[in-house]
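Novice: Here it is: the structure, laid out below.
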Amino acid sequence: MSKIIVIGSPGAGKTTFSKRLSALLHIPLYHLDLLWHQTDRSEVSREEFDKRLEEIIKREEWILDGNYQRTLEWRLRECDMVFLLDYSVDVCLLGASSRIGKKRDDLPFVEEALDDGFRRRILCFGTEKLPKIYELLDQYKDKKTIVIFKSRKEADLYLEKLSF
């Protein structure tokens, strides 16, 4: 387990889980949001994002935190382990709301509100994104270790077991 991706709905807690996992395994953590977003809230080009991602993927060890479905299959090919945080919409909305106004090390700016577009991404994740994620995971199930959590408690218990 040296190349890991952590995916799930916005607000699921991918970053929190990834930080804890990184600390336990001593594997460097990279946030896809930091590769994509700039401090002025603009975004880099797809080409620049892909170049940055490729530089990380070439390394011996990494944990990649984030969805970015366009590059998911690429990351699935390169990783040896996947964690999917498949949580309810309510849990994800609460998670996203709880970080408003807080400085984070996984995003180069402070979110000032849960805007309608971001809220919609959370509300529609289960119907628009999750089926494709499960389809891709099914294609890799014999080649990768895939762990799916349905609750934060499940994820917490997994990390507690790792710490022993």
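Novice: So how many residues does the stretch 1-35 have that are under 20 Å from residue 50 (Cβ atoms), out of contact with any Gly (no Cβ under 8 Å at 6 or more places or on another chain) and of a type outside the set (A, V, I, L, M)?
Specialist: 3
Novice: Can you name the residue in the stretch 58-79 that is assigned to a helix (DSSP H, G or I) and open to solvent by 10 Å² or more (accessible area, probe 1.4 Å) and, of all such residues, is nearest to residue 13 (Cα to Cα)? Can you show your working first?
Specialist: Residues of the stretch 58-79 assigned to a helix (DSSP H, G or I): 69-78.
Filter once more, keeping what is open to solvent by 10 Å² or more (accessible area, probe 1.4 Å): 69-70, 73-74, 77-78.
Numbers: 69: 17, 70: 20, 73: 21, 74: 22, 77: 23, 78: 23 Å.
Within the stretch 58-79, the match that is nearest to residue 13 (Cα to Cα) is 69.
Novice: On to the next question. Which of the residues that make up the stretch 139-161 are over 21 Å from residue 2 (Cβ atoms), among the charged types (D, E, K, R) and open to solvent by less than 100 Å² (accessible area, probe 1.4 Å)?
Specialist: Correct list: 152, 154, 156, 160.
Novice: Another question, if that's okay. For residue 47, are the conditions met, namely being out of contact with any Phe, Trp or Tyr (no Cβ under 9 Å at 6 or more places or on another chain) and either assigned to a helix (DSSP H, G or I) or open to solvent by less than 10 Å² (accessible area, probe 1.4 Å) (or both)? Step through it out loud before you land on a result.
Specialist: Values: out of contact with any Phe, Trp or Tyr (no Cβ under 9 Å at 6 or more places or on another chain): yes; either assigned to a helix (DSSP H, G or I) or open to solvent by less than 10 Å² (accessible area, probe 1.4 Å) (or both): yes.
Criteria met by residue 47.
Novice: Could we say that residue 22 is modelled with pLDDT of 95 or more, closer than 20 Å to residue 98 by Cα and of a type in the set (S, T, N, Q) here? Walk me through it before giving the result.
Specialist: Values: modelled with pLDDT of 95 or more: yes; closer than 20 Å to residue 98 by Cα: no; of a type in the set (S, T, N, Q): yes.
Answer is no for this residue.
Novice: Checking residue 26 against (1) on the phi > 0 side of the Ramachandran plot; (2) open to solvent by less than 50 Å² (accessible area, probe 1.4 Å), which test does it fail?
Specialist: Tallying (1) on the phi > 0 side of the Ramachandran plot; (2) open to solvent by less than 50 Å² (accessible area, probe 1.4 Å), residue 26 fails exactly one: (2).
Novice: Kindly indicate whether any position in the stretch 32-50 is in contact with a strand residue (DSSP E or B) (Cβ under 7 Å, 6 or more places away or on another chain) and under 23 Å from residue 155 (Cα atoms). Outline the logic, then answer.
Specialist: From the stretch 32-50, those in contact with a strand residue (DSSP E or B) (Cβ under 7 Å, 6 or more places away or on another chain) are 32, 36-37, 43; that's our starting set.
Restricting the remaining residues to those that are under 23 Å from residue 155 (Cα atoms) gives 32.
The answer is yes; a qualifying residue exists.
Novice: Looking at the structure I just gave you, is residue 106 without any contact (Cβ under 8 Å) to a residue 12 or more places away in the chain and either of a type outside the set (Phe, Trp, Tyr) or within 17 Å of residue 17 (Cβ to Cβ) (or both)? If you could, list the steps in order and put the result at the bottom.
Specialist: Numbers: without any contact (Cβ under 8 Å) to a residue 12 or more places away in the chain: no; either of a type outside the set (Phe, Trp, Tyr) or within 17 Å of residue 17 (Cβ to Cβ) (or both): yes.
No; evaluated as a whole, the condition is false for this residue.
Novice: Looking at this structure, is residue 127 in a helix (DSSP H, G or I), polar (S, T, N, Q) and either open to solvent by less than 30 Å² (accessible area, probe 1.4 Å) or within 23 Å of residue 21 (Cα to Cα) (or both)? Steps first, please.
Specialist: Values: in a helix (DSSP H, G or I): yes; polar (S, T, N, Q): yes; either open to solvent by less than 30 Å² (accessible area, probe 1.4 Å) or within 23 Å of residue 21 (Cα to Cα) (or both): no.
No: the conditions fail for residue 127.
The values are calculated or read from the model by the stated rules, or taken from the named source; none is laboratory data. Keep in mind the model is a prediction, meaning the values are calculated, not measured. FYI the Cβ positions are ideal-geometry reconstructions off the backbone, even for glycines, and counts take in every protein chain you see. Ligands, DNA and RNA are stripped out before the accessible areas are found, and what is left, the full protein with its side chains, is counted by its heavy atoms. Shrake-Rupley method; radii C 1.70, N 1.55, O 1.52, S 1.80 Å.
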